[in-house]
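Working notes, structure below.
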Amino acid sequence: MTPAEKKLWAQLSNKQLHGLKFRRQHPLHHFILDFYCRTQRLVVEVDGGAHSTQRDYDEAREEWLIQRGSSHISLPFCSPASSSTHWGTPANASMRMVLVV
């Protein structure tokens, strides 16, 4: 897991978010989902790293999930090389937003 995924997992694991059970690196169809809550059909993806080179895969996955009634949240991730933003800030800010919902 990436550092951003580890931070998010620390908040999602053990039913910490409204008692919802999330799975990490969950296989569904021919996709691997970063985080998945089966009861809510909620997918959470942390964009960055591998996601920056697989846009077609990500778009196909999102379309497939939405067509089957899943909600999909993509959280942006800022790489350490970014000069405009502190490393990890977008993912942290987005994580706070998701946890409030």
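Going by how many other beta carbons lie within 10 Å of each one, how would you line up Thr39, Thr2, fewest first?
On the way: Thr39 9, Thr2 17.
Result, fewest neighbours first: Thr39, Thr2.
What are the aspartates and glutamates whose alpha-carbon lies under 20 Å from the alpha-carbon of Lys15, with same-chain residues fewer than 8 places away excluded?
Of all the aspartates and glutamates, those that pass the test against Lys15 - Cα under 20 Å, at least 8 places apart if same chain - are Glu5, Asp34, Glu45.
Which order results if Asp47, Asp56 are arranged by neighbouring Cβ count within 10 Å, fewest first?
Asp56, Asp47
Which order do Tyr57, Tyr36 fall in if you start with the one that has the fewest other Cβ atoms within 10 Å?
Working: Tyr57 13, Tyr36 23.
Ordered by Cβ neighbours within 10 Å, fewest first: Tyr57, Tyr36.
With only Lys, Arg, Asp and Glu charged, each at its Cβ (+1 for the first two, -1 for the last two), find how big the charge dipole of region 1-67 is about the Cα centre; round to the nearest 20 debye. Could you put the intermediate results ahead of the total?
Details: 10 positive and 9 negative charges, 113 e Å.
In total the dipole reaches around 540 debye.
Stretch Glu62-Leu28 to full length: gain in nm at 0.36 nm per residue minus the Cα-Cα span?
Working: separation 34, 0.36 × 34 = 12.24 nm, distance 1.19 nm.
Computed gain between Glu62 and Leu28 is 11.1 nm.
Give me the extension gain from Thr39 to Gln54: residue separation times 0.36 nm, minus the current Cα-Cα distance, reported in nm with one decimal.
Details: separation 15, 0.36 × 15 = 5.40 nm, distance 2.77 nm.
My answer for the length gained is 2.6 nm.
Quick check: net charge around Asp47, other residues with Cβ under 13 Å of its Cβ, Lys/Arg +1 and Asp/Glu -1?
-4
Bear in mind these aren't lab numbers, they're just calculated from the coordinates by the rules spelled out. The model shown is predicted, which means the values in this text are computed figures rather than measured ones. Methodologically, a virtual Cβ is constructed for each residue, glycine included, from the backbone with ideal geometry; neighbour enumeration extends over all protein chains shown.
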